[in-house]
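The values are calculated or read from the model by the stated rules, or taken from the named source; none is laboratory data. Predicted model, so just to flag it, every value in this text is computed and none were measured. Because the Cβ atoms are built from the backbone with ideal geometry, glycine has one as well, and the counts that use them run over all protein chains shown. Just so you know, the surface numbers come from the protein's heavy atoms only, side chains and all, with ligands and any DNA or RNA stripped out. Shrake-Rupley method; radii C 1.70, N 1.55, O 1.52, S 1.80 Å.
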Amino acid sequence: IFFREMPSTSDLATAVRGPPRCVSAVKVGDIIWTEDATEGQLVKYITEFSGSLVELTLENAAGVESKVTYNATLEVGCQEAPTVAELLKNKDPNQITVSFEYFPPKTEKGVENLMNRIGLMRKADPIFCDVTWGAGGGTSDLTLELCTNAQIKWGVNANMHLTCTNMEKEKIDMALEGCKKVGIRNIVALRGDPPVGQTEWKAIDTGFSCALDLVKYIREKHGDYFCLSIAGYPEGHPTVIADDGKCPPEAFAGEMAYLKEKVVAGGDLIITQLFFDVDIFLSFCAECKKLGIEVPILPGIMIITSYGGFKKMAGFCKTWIPADLASKMEEIKDDEAAVKEFGVQYAVDMCKKLIDAGHKHLHFYCLNVEGPTFAVMERLGLPVPGQ
């Protein structure tokens, strides 16, 4: 039996006996007392759900963790999460912080593995994790499920992707209400990619033709409840990048004006597309400042782990590849181990340059694996959990 405050003798005498049970709405962040406890303990993680079996990780005032397992019916409560904007604003300005992006796996085993990986990676104390949303809402249920489990089961602040590509308003409303129900307050508001099998994006008759429409809609319907992350493209959106790999000046000016519109409409922070040239990112930040864009800008970092993956992602995103990077990758492309080592060190060097320029938050596109990201963090001197 759990109590909300130190139980008295009369409490213990009148407590309902029978099968062990929990009072309603035990959630991460609660302070609870067990029957024999002399002090309250913090509920750090709800670490297992298996039928009626519930395992909680508790922490006492001295920081010592313990686990309690009950054959119980746990009514999982939903404490509203802090917003990412609040966490970034209130953090120590000299502290280097991180966040991780995941995508929904295609198999049940993949989902199980990802949940375990989130459980491991949360020990690196990310400010948030975000989970992508399939085109047309193809992974909507799974995306919300992963975010819910990340937040409730592992205590990681979830930042859920939501796109308006081929999405009916009803589906968007359901997704937002689902987030509210489980206390998720952070949304990455995007237009999204074309559905599988299509090369061009086409709006359907729902009133949503771009991410700006989605930002406006969420603010209109939900006020300031949600913290909205929006996408930024340091090199320009792939659709306006020319065949030479560069965005024409007039097109880039239009991109920046559109980004300002999204911020004015309610965007709270910017997460950027991946890049391999830090100077391009810094130039983008300078352009944002000129336009009066003052929200946090989080650099999106993808670590090179294979030659094929590097070429595929750079081609898909039309990412500019510096000459020295291109040359080195061609030199070592047939040496898998060399590519992985080079990729980690290249990301470390990028991160150091970002940090030296004052960007103390690093957002990793970790592709559902922890190894490369932890390797980069370790070389940066950031705490990495034992694996």
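Tabulated results
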quantity: Filtered residues of region 146-162 (kept if among the polar types (S, T, N, Q) and at pLDDT 90 or above); calculated: N157, N159
quantity: Region 315-344: number of residues that are open to solvent by 60 Å² or more (accessible area, probe 1.4 Å) and part of a helix (DSSP H, G or I); calculated: 11
quantity: From I270, I293, I303, residue being assigned to a strand (DSSP E or B), within 30 Å of N90 (Cβ to Cβ) and among the hydrophobic types (A, V, I, L, M, F, W, C); calculated: I270
quantity: Pairs where the first residue, in region 46-71, is of a type in the set (S, T, N, Q) and the second is surrounded by 15 or more Cβ atoms within 10 Å (Cβ to Cβ) and at pLDDT below 65, C-beta under 6 Å, 6+ apart; calculated: T57/T47
quantity: Residues being within 30 Å of D335 (Cα to Cα) and among the basic types (K, R) - total across region 261-314; calculated: 2
quantity: Of all residues making up region 166-199, the number that are open to solvent by less than 20 Å² (accessible area, probe 1.4 Å), modelled with pLDDT of 85 or more and aliphatic (A, V, I, L, M); calculated: 7
quantity: Only one of G300, G267 that is small (G, A, S), closer than 21 Å to V98 by Cβ and surrounded by 20 or more Cβ atoms within 10 Å (Cβ to Cβ); calculated: G300
quantity: Residue ID - surrounded by the most Cβ atoms within 10 Å (Cβ to Cβ), chosen from residues in region 148-165 that are of a type in the set (A, V, I, L, M, F, W, C) and farther than 19 Å from L88 by Cβ; calculated: C164
quantity: Lone unmet requirement of (1) within 23 Å of the chain's Cα centre (by Cα); (2) within 24 Å of E101 (Cα to Cα); (3) at pLDDT 95 or above for P238; calculated: (3)
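Let's see how each residue does on (1) touching a residue at least 24 places away in the same chain (Cβ under 8 Å); (2) touching an Asp or Glu at 6+ places or on another chain (Cβ under 8 Å):
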| position | (1), (2) |
| --- | --- |
| F226 | yes, no |
| E235 | yes, no |
| E255 | no, no |
| A265 | yes, no |
| V278 | yes, no |
| K289 | no, no |
| I301 | yes, no |
| S306 | yes, yes |
